[in-house]
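> Dropping a structure here in structure tokens format, bear with me for questions.
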Amino acid sequence: MITNTKLIKVPLTIIALLFSASACSNPSTVNNDTATVQSEASDSSATEVKADGDEPEFTTKTLTSFDEPWAMTALPKSDNESRKLLVTQKAGELFIVDTATGNKTKVNDVPKVAYGGQGGLGDLILAPDFATTNMVYLSYVEAGSGADSNQFGAKVIKAKLAGLDTDAPSLQDITPIWQQTPKVKGQGHYSHRLLFSPDGQYLYISSGERQKKDPAQDMTVNLGKIIRLNADGSVPKDNPFVGNANDIASQFWTIGHRNVLGMTFDDSGRLWAHEMGPKGGDEFNLIKKGSNYGWPIVSNGRNYSGTDIPDHNTRHEFEAPKITWTPVISPSSMSIYSSGTQNDFPAWQSSALISGLSSKALIVVSLDENDAAHERYRYDMGERIRSVLAVDGEVWLLEDGDNGKLLKLLP
């Protein structure tokens, strides 16, 4: 059943002019933003989020909750059906959620994941031909064996979601698509975000540098890169590094990334991505074929030790971000708002919605025709936000951590 919460009024977050302690996705970092929260005795089923300026206001309704949710996507629906979502939990569970009732159905036969740190079950997206095949793509962390014992890496699979309308759905016909090479020690910066191109032909995978820095510039490993593949996992012939002396480089679309946790195509077909900086310097980038985004050689943040890193403007051969955030927002996912059959938030049309962890925020970014971008609105949600999903003019949020709530935004 859908649970109810008391009414809370939360004014717009004011950005503090201080460095955040960390941009990592897993630790609970200090939120330097100033907010006034007042609980009111109320029987309302919603939480009201009010803005100080002309930002659209909304209430949030709690649909259900999860233990460490990580990603969500929407299943197709007909006019007489309620919206259903697929939601992953880091420990390795996958659920189908009915947004009308809040009921959750567990999907069986999910592959075993290496759970720990920032690792576990990650992203999921529908195959472009899902309507006829019921195929989905999932990312997760896999533990090594033998010589790779105590080492980890992200893996992407394709599988059939069978029994969708039964009490025991399952993943079948699992096919490996891609994996991080090599597996390394540590359990951070997997990234493993998934995205299909608007025409459904190409699969994009973000591959974090695993907190090792140097792999982001190393053309012999696929860490610290954005990967572009055909839907079956093969390499497109027009990838920018096809023909490189190192065969693995043929997978790369761009290089020089730290920890990309959000990717999306806008209405004009441009690919945007955000990534976590170190101590300061979270980035919002326009992704251009074959470009180098500079990590760890340049960054608008500093090392955690406090030592300086040259800014992007000191090395013009590296692609500079369109937005940088200091203090960090710890961006964790991204979705483009489009009105669809619903038009709950017309002021957000064609904007990027970004979920924030340490910032505990929903950030709305405008994408300009001249390839510029700027933060337009920021809403203090009071909790770390792991995921945001805009579909058909409606918006859902997933809180991070234990008992993370699935929220529906209501205008």
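> Would you call Pro321 closer than 25 Å to Leu229 by Cα, part of a loop (DSSP other than H, G, I, E, B) and open to solvent by less than 30 Å² (accessible area, probe 1.4 Å)? Write out each step before concluding.
Details: closer than 25 Å to Leu229 by Cα: yes; part of a loop (DSSP other than H, G, I, E, B): yes; open to solvent by less than 30 Å² (accessible area, probe 1.4 Å): yes.
Here the answer is yes, as Pro321 does meet what is asked.
> Shifting gears a bit: Within region 151-175, work out how many residues are modelled with pLDDT under 95 and at positive phi.
0
> Take region 59-114 and flag every residue that is under 18 Å from the mean Cα position of the chain (by Cα) and hydroxyl-bearing (Ser, Thr, Tyr).
Thr73, Thr88
> Could you please let me know if Ser299 is hydroxyl-bearing (Ser, Thr, Tyr), within 29 Å of Ile336 (Cβ to Cβ) and in contact (Cβ under 8 Å) with a residue 40 or more places away in the chain?
Values: hydroxyl-bearing (Ser, Thr, Tyr): yes; within 29 Å of Ile336 (Cβ to Cβ): yes; in contact (Cβ under 8 Å) with a residue 40 or more places away in the chain: yes.
Yes.
> Tally up the residues in region 216-231 that are in contact (Cβ under 8 Å) with a residue 60 or more places away in the chain and open to solvent by 20 Å² or more (accessible area, probe 1.4 Å), please. Talk me through it step by step, then tell me what you get.
So the first thing to find is which residues in region 216-231 are in contact (Cβ under 8 Å) with a residue 60 or more places away in the chain, and the list is 216-217, 224, 226, 231.
Those still in the list that are open to solvent by 20 Å² or more (accessible area, probe 1.4 Å) too: 217, 231.
Final tally of qualifying residues: 2.
> Further question on the same structure: Any residue in region 139-158 that is under 30 Å from Arg378 (Cα atoms) and in contact (Cβ under 8 Å) with a residue 12 or more places away in the chain? Please lay out each step first, then the result.
If we filter region 139-158 for residues that are under 30 Å from Arg378 (Cα atoms), which is where we start, we get 139.
Filter once more, keeping what is in contact (Cβ under 8 Å) with a residue 12 or more places away in the chain: 139.
The answer is yes, given that some residue of region 139-158 is under 30 Å from Arg378 (Cα atoms) and in contact (Cβ under 8 Å) with a residue 12 or more places away in the chain.
> Pull out all pairs, ordered by first then second residue, where Cβ-Cβ is under 9 Å, the residues are six or more apart or on different chains, the first lies in region 59-81 and is closer than 19 Å to Leu362 by Cα, and the second is modelled with pLDDT under 95 and buried (at least 21 other Cβ atoms within 10 Å of the Cβ).
Close Cβ pairs (under 9 Å, with a partner that is modelled with pLDDT under 95 and buried (at least 21 other Cβ atoms within 10 Å of the Cβ)) amount to Thr59/Thr47; Thr59/Val49; Thr60/Thr47; Thr60/Val49; Lys61/Thr47; Thr62/Thr47.
> Here's something else I'd like to know. Only one of Asp371, Asp344, Asp402 is touching a residue at least 60 places away in the same chain (Cβ under 8 Å), part of a loop (DSSP other than H, G, I, E, B) and surrounded by 17 or more Cβ atoms within 10 Å (Cβ to Cβ). Can you tell me which?
On the way: Asp371 fails: surrounded by 17 or more Cβ atoms within 10 Å (Cβ to Cβ); Asp402 fails: surrounded by 17 or more Cβ atoms within 10 Å (Cβ to Cβ).
Result of the check over Asp371, Asp344, Asp402: Asp344.
> Taking region 378-396 only, how many residues are within 15 Å of Ile336 (Cβ to Cβ) and assigned to a strand (DSSP E or B)? Break it down into steps so the answer makes sense when it comes.
Quick first cut of region 378-396, residues within 15 Å of Ile336 (Cβ to Cβ) only: 387-396.
Filter once more, so that each one left must be assigned to a strand (DSSP E or B): 387-391, 394-396.
Number satisfying all stated conditions: 8.
> Please tell me if Gly186 is under 19 Å from Met263 (Cβ atoms) and either without any contact (Cβ under 8 Å) to a residue 40 or more places away in the chain or open to solvent by 10 Å² or more (accessible area, probe 1.4 Å) (or both). Talk me through it step by step, then tell me what you get.
Working: under 19 Å from Met263 (Cβ atoms): no; either without any contact (Cβ under 8 Å) to a residue 40 or more places away in the chain or open to solvent by 10 Å² or more (accessible area, probe 1.4 Å) (or both): yes.
Answer is no for this residue.
> Oh, and also: When you look at Val136, is it open to solvent by less than 10 Å² (accessible area, probe 1.4 Å) and over 17 Å from Leu398 (Cβ atoms), yes or no?
Yes: the conditions hold for Val136.
> Next up: Quick one: count up the residues across region 156-203 that are in contact with a strand residue (DSSP E or B) (Cβ under 6 Å, 6 or more places away or on another chain), polar (S, T, N, Q) and assigned to a loop (DSSP other than H, G, I, E, B).
Looking only at that region, the number is 2.
> Related question: Does Gly277 count as in a loop (DSSP other than H, G, I, E, B), touching a residue at least 60 places away in the same chain (Cβ under 8 Å) and open to solvent by less than 10 Å² (accessible area, probe 1.4 Å)?
On the way: in a loop (DSSP other than H, G, I, E, B): yes; touching a residue at least 60 places away in the same chain (Cβ under 8 Å): yes; open to solvent by less than 10 Å² (accessible area, probe 1.4 Å): yes.
In short, yes.
> Moving to a separate point now. Do the conditions hold for Thr254, that is, is it among the polar types (S, T, N, Q), closer than 25 Å to Leu357 by Cβ and either touching a residue at least 12 places away in the same chain (Cβ under 8 Å) or part of a loop (DSSP other than H, G, I, E, B) (or both)? Don't jump to the end; show me each part of the working.
Numbers: among the polar types (S, T, N, Q): yes; closer than 25 Å to Leu357 by Cβ: yes; either touching a residue at least 12 places away in the same chain (Cβ under 8 Å) or part of a loop (DSSP other than H, G, I, E, B) (or both): yes.
It is true that Thr254 is among the polar types (S, T, N, Q), closer than 25 Å to Leu357 by Cβ and either touching a residue at least 12 places away in the same chain (Cβ under 8 Å) or part of a loop (DSSP other than H, G, I, E, B) (or both).
> Further, regarding this structure: Does Phe95 count as farther than 20 Å from Thr341 by Cα, crowded, with 18+ Cβ neighbours inside 10 Å, of a type in the set (Phe, Trp, Tyr) and free of Cβ contacts under 8 Å to residues at least 40 places away in the same chain? Give the steps one after another, and end with the answer.
Working: farther than 20 Å from Thr341 by Cα: yes; crowded, with 18+ Cβ neighbours inside 10 Å: yes; of a type in the set (Phe, Trp, Tyr): yes; free of Cβ contacts under 8 Å to residues at least 40 places away in the same chain: yes.
Yes; evaluated as a whole, the condition is true for this residue.
The values are calculated or read from the model by the stated rules, or taken from the named source; none is laboratory data. Because the structure is a prediction, the values reported are computed rather than measured. Note that we place each Cβ from the backbone using ideal geometry, even for glycine, and neighbour counts take in every protein chain shown. Ligands, DNA and RNA are excluded from the accessible area calculation, which covers all protein heavy atoms including side chains. Shrake-Rupley method; radii C 1.70, N 1.55, O 1.52, S 1.80 Å.
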